[in-house]
Amino acid sequence: MNTSSTFSGLEIDHSEAPSLPRVRAKKTAPAAPFRFTNSAVEEESAYRQAELFYLQKQIQSQTQMVIVLADGERIEGVIEWYDRRALKIRGREKVLVYKSAIKYMYKFGENMQ
């Protein structure tokens, strides 16, 4: 019995090939999908509604705001619009700021430092 084969002029000897261990598949029940609890959804919803109300109020009244970023940079201007992840600020220049980069914000007349 010849256990070698020829492929494009190369000879391969299969008798020296290492044998691989057999892996048996484990039968497990499918995992249940991850779901948030109702209380977490309600808290998220209440916080989100408060944020939307505050931003909408500042947009309608054209309130001059100071936005302090996480790195300490300050941006002054009026909030033009917002979405779930960003604010558009109109000041000396128009700037799009990600909400995740904002440390805090306050009205221009208030002395927060």
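Only the coordinates and a few stated rules stand behind these numbers; no lab work does. No experiment lies behind these values; they were computed from the predicted model shown. Quick reminder, even Gly has a Cβ in these numbers, built from the backbone with ideal geometry, and neighbours come from all protein chains shown.
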Between Arg48 and Ala70, what FRET efficiency follows from the Cβ-Cβ distance if R0 is 25 Å, with the result rounded to 0.05? 0.75
Cα shape, the stretch 37-113, gyration tensor, a/c 1.5 rule: prolate
Quick query: amide H of Gly91 versus all other amide H atoms, modeled in the peptide plane; which residues come in under 5 Å with a sequence gap of 5 or more or a different chain? Val78
